[in-house]
Number of protein chains: 2
Amino acid sequence: MKALWLDGEPRLRDDVPPPLPAAGEALVKVRLAGVCATDMALMRGYHPLRGVLGHEFVGEITAAPDAPERVGERVVGEINIACGSCRECRAGRKQHCSQRQVAGIRERDGVFAEFVCLPLLNLHPVPNSVPDEAAVFCEPLAAALEVVQQVPVTPNQRALVVGAGRLGQLIARVLRLSGCELAVVARHAQQRALLETVGVRWIDEDAVTDAHADLVVEATGSPSGFALARRAVRPRGSIVLKSTYPGLLEADFSSLVVDEISLIGSRCGPFPAALRLLAQGLVEPTPLIDARFALADGLAALGRAAEPGVMKVLIDCRVST
Amino acid sequence: MKALWLDGEPRLRDDVPPPLPAAGEALVKVRLAGVCATDMALMRGYHPLRGVLGHEFVGEITAAPDAPERVGERVVGEINIACGSCRECRAGRKQHCSQRQVAGIRERDGVFAEFVCLPLLNLHPVPNSVPDEAAVFCEPLAAALEVVQQVPVTPNQRALVVGAGRLGQLIARVLRLSGCELAVVARHAQQRALLETVGVRWIDEDAVTDAHADLVVEATGSPSGFALARRAVRPRGSIVLKSTYPGLLEADFSSLVVDEISLIGSRCGPFPAALRLLAQGLVEPTPLIDARFALADGLAALGRAAEPGVMKVLIDCRVST
């Protein structure tokens with residue numbers, strides 16, 4: 001099958017053997033996939049992946065030996081493949097399985113391919129009312145929802161999102177649902193325009209008030225983004241770290257103690273809730289689509305996604321279309 | 001009056017003018033005061049203080065122009081003096097007043113003296129059942145309680161305290177009340193013996209299991225203590241930072257994101273709860289007393305407190321005794 005293969009450099013291959021579903025797994029024919037900042041980071045060597053890149057997708061189950069009744073289901077899929085028996089799995093934290101594979105990220109082929117195999121437990125049926133172009137945002141929308149899963153946001157709070165890229169936009173769309181007083185630090189004109197379409201206030205970095213926000217979500221993954229978040233949060237406030245950082249970061253931990261700040265690392269989130277928001281139209285992600293490429297043009301898709309300020313790039317993995 | 005004065009170096013003075021209570025304040029005759037790691041840090045220049053050192057005490061109100069009925073009360077005192085009108089004060093976070101003075105720490109004379117002035121609002125009457133030797137622990141015990149104020153600890157959790165010094169001992173005594181599975185990393189024989197007297201398990205640093213603790217309280221203020229805490233906490237667990245660190249600290253923020261760790265800065269805590277625990281005998285701090293010096297021997301007291309592994313050093317500030 002065709003696939004975007006990472007092995008140091010990404011390349012398009014035509015000769016990747018289609019995966020075979022193991023016990024409890026399904027074979028999924030990928031329809032649309034989304035390019036994420038993590039894909040860019042993997043290409044820069046953030047984590048050693050040798051295999052098919054990509055982890056955001058919507059597809060259709062074409063084989064499921066252990067659940068033939070699910071063949072034909074249109075699905076989105078959670079990317080953490082848990083062992084089910086380690087301490088974390090037994091404690092109900094499967095996303096933190098100590099032995100986990102992560103599709104397209106860690107020791108497991110991803111979704112920039114014609115087919116992918118995933119455990120049936122990971123695959124969630126997509127309601128009919130949600131088109132593929134919205135369903136493909138389920139994984140990053142779930143990641144955005146993880147913020148409010150970890151730090152409940154109340155309507156009278158002040159929240160600030162630092163960074164208005166792909167993930168920052170989704171986080172802003174989730175936070176606005178709380179009724180909180182929300183602002184997003186956005187640099188690019190297009191990022192600002194997209195926030196305006198959903199009535200979210202954008203501000204310039206220089207307009208951020210010191211020690212004012214109850215909650216800051218850091219979605220840039222840059223040391224300067226963290227410094228801005230730290231400056232913006234009030235005493236006893238929370239900073240949710242939503243992006244990974246290259247290398248080590250230096251921080252004034254004493255000031256975190258004195259101001260009693262909470263730093264909260266945040267990763268993958270709840271798919272069912274993301275599907276509910278999409279089905280009810282409470283988050284409408286399709287305006288975030290920048291461009292759509294065929295899988296055969298996958299390298300061009302990666303190139304486009306790496307340009308500054310570019311929103312979501314989709315890859316259509318249906319080779320016959 | 002006599003006082004331990006810090007101005008670069010600490011020195012004993014006989015000529016400090018006794019303070020005069022301002023509106024809403026009381027004059028307190030200090031009975032006993034306790035030496036804290038923060039006093040050591042101030043002597044090393046952690047924060048520029050020029051004035052009377054010390055912030056843990058029990059004393060007696062000897063003048064209170066606005067509340068003469070309180071004269072004679074035996075009291076402990078909160079050390080943050082809030083403006084009452086800034087954003088933080090209006091939000092009910094007086095301990096984080098942006099204009100605050102902090103007795104013995106920031107722009108305000110402390111308690112290693114015959115007398116100290118504090119706002120009446122800061123002074124809590126001590127129940128008769130609590131002797132001076134226990135009441136003098138109220139401020140650090142409140143700081144220990146702040147941990148469970150910020151991160152509720154449930155009986156089935158695993159908690160680890162890194163550091164068994166003055167504050168670590170009190171934190172351990174608070175955490176054991178939850179019924180949680182508790183261990184304390186303790187280096188010195190005396191620290192271990194004190195933990196044994198309250199049935200708390202101590203362990204060696206090498207015996208700490210990776211990614212095992214739901215909650216880790218870092219009470220060393222050293223980079224190696226933080227590294228140990230980071231290693232010990234499980235995914236989605238919490239590290240409460242209870243000590244300040246010299247300079248900046250380098251940390252792998254990406255791993256905090258991936259493992260969804262919460263870092264929670266923690267400072268001053270609730271005095272009324274601390275007094276309740278003391279009055280009910282649920283925390284019995286007096287075995288932590290290492291030595292007691294007269295105010296005239298205050299420099300020797302500071303020297304003793306600075307020795308490694310030494311527990312609480314008290315200063316008796318009653319010059320007539």
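The values are calculated or read from the model by the stated rules, or taken from the named source; none is laboratory data. This one's a predicted model, so the numbers in the text were calculated from it and none came from an experiment. Counting neighbours? That spans all protein chains shown, and the Cβs are built from the backbone with ideal geometry, glycine included. Just so you know, the surface numbers come from the protein's heavy atoms only, side chains and all, with ligands and any DNA or RNA stripped out. Shrake-Rupley method; radii C 1.70, N 1.55, O 1.52, S 1.80 Å.
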The set of residues whose placed amide H lies less than 5 Å from the amide H of residue A:240, leaving out same-chain residues fewer than 5 positions away, is A:216, A:217, A:218, A:264
Copies compared at residue A:62 - label distances in nm, ascending, label defined 7 Å from Cα in the Cβ direction: 9.0
Taking each label point as 7 Å beyond Cα in the direction of the beta carbon, state the distances from residue B:15 to the same residue in the other copies, shortest first, in nm. 9.3
Between residue A:224 and residue A:12, what length in nm is gained on full extension when 0.36 nm per residue of separation is reduced by their alpha carbon distance? 72.8 nm
I need to check one value: relative contact order of the stretch B:199-255, counting alpha carbon pairs closer than 8 Å and at least 6 residues apart, in percent. 36 percent
Once the label point is placed 7 Å from Cα along Cβ, list for residue B:45 the distances to the corresponding points in the other copies, in nm, shortest first. 3.9
Ellipticity estimate at 222 nm from DSSP helix runs (n ≥ 4, -39,500 (n - 2.57)) divided over chain B, nearest 500: -6500 deg cm²/dmol
Taking a spot 7 Å from the Cα of residue A:67 along the direction of its beta carbon, which residues of the stretch A:86-120 have an amide N less than 15 Å from it? A:117-120
Overall Cα dimensions of the stretch B:186-248, principal axis frame, Å, largest first: 34, 27, 19
Computed from the mean reciprocal separation of all distinct C-alpha pairs, what Kirkwood hydrodynamic radius does the stretch B:34-173 have, in Å? 16.6 Å
In whole Hz, with x marking every Gly and Pro, tabulate ³J(HN,Hα) for the stretch B:275-288 from phi via Karplus 6.51 cos²θ - 1.76 cosθ + 1.60, θ = phi - 60°. 5, 4, 5, 5, 5, 8, x, 6, 10, 10, x, 4, x, 7
Sorted by chain and number, the residues with a modelled amide H under 5 Å from that of residue A:108, at a separation of 5 or more or across chains, are A:102
Please work out whether chain A counts as rounded, prolate or oblate from its C-alpha gyration tensor, where a ≥ b ≥ c are the square roots of the eigenvalues and a/c under 1.5 means rounded, while otherwise a/b larger than b/c means prolate and anything else oblate? prolate
Calculate, for residue B:276 and residue A:46, the FRET efficiency according to 1/(1 + (r/R0)^6) with r their C-beta to C-beta distance and R0 45 Å; round to the nearest 0.05. 0.35
Taking r as the C-beta separation of residue B:198 and residue B:299 and R0 as 41 Å, the FRET efficiency to the nearest 0.05 is 0.80
In chain A, what % of DSSP beta bridges are antiparallel (nearest 5)? 55 percent
Accessible carbon and sulfur surface of the protein assembly as shown relative to its total accessible area, %, 1.4 Å: 52 percent
For residue B:242, give me every one of the lysines with a C-alpha distance below 29 angstrom, ignoring sequence neighbours fewer than eight places off in its own chain. A:242, B:94, B:312
Given a Förster distance of 22 angstrom, what is the FRET efficiency for residue A:188 paired with residue B:255, based on the Cβ-Cβ distance and rounded to 0.05? 0.15
Taking amide H positions as placed in the peptide plane 1.01 Å from N, state which residues far from residue A:26 in sequence (5 or more) or on other chains have amide H under 5 Å from it. A:118, A:120
For helix B:166-175, report the angle its Cα long axis makes with the longest principal axis of the Cα atoms of chain B; keep it between 0 and 90° and round to the nearest 10°. 60 degrees
So what are the stretch B:164-321's ellipsoid semi-axes, whole angstrom, largest first, if each one is the square root of 5 times an eigenvalue of the alpha-carbon gyration tensor? 30, 18, 15
Rounded if a/c is under 1.5, else prolate if a/b beats b/c, else oblate: with a ≥ b ≥ c from the C-alpha gyration tensor eigenvalues square-rooted, which is the stretch B:140-230? rounded
Area of residue B:226 that stays accessible when all protein chains are in place (1.4 Å probe, Å², to 10): 10 Å²
Taking a ≥ b ≥ c as the square roots of the eigenvalues of the Cα gyration tensor, with a/c under 1.5 meaning rounded and otherwise prolate when a/b exceeds b/c and oblate if not, the protein assembly as shown is prolate
Summing +1 for each Lys or Arg and -1 for each Asp or Glu, what net charge is found among the other residues whose Cβ lies under 15 Å from the Cβ of residue B:282? +2
Three principal axis extents, largest first, for the C-alpha atoms of the stretch A:242-297, in Å? 49, 33, 18
For the stretch B:28-105, what value does the Rg/Rh ratio take when both radii are computed over Cα atoms and Rh is the Kirkwood radius, given to two decimals? 1.02
Taking only Cα atoms, what is the 0 to 90° angle, nearest 10, from helix B:138-150's long axis to the longest principal axis of chain B? 40 degrees
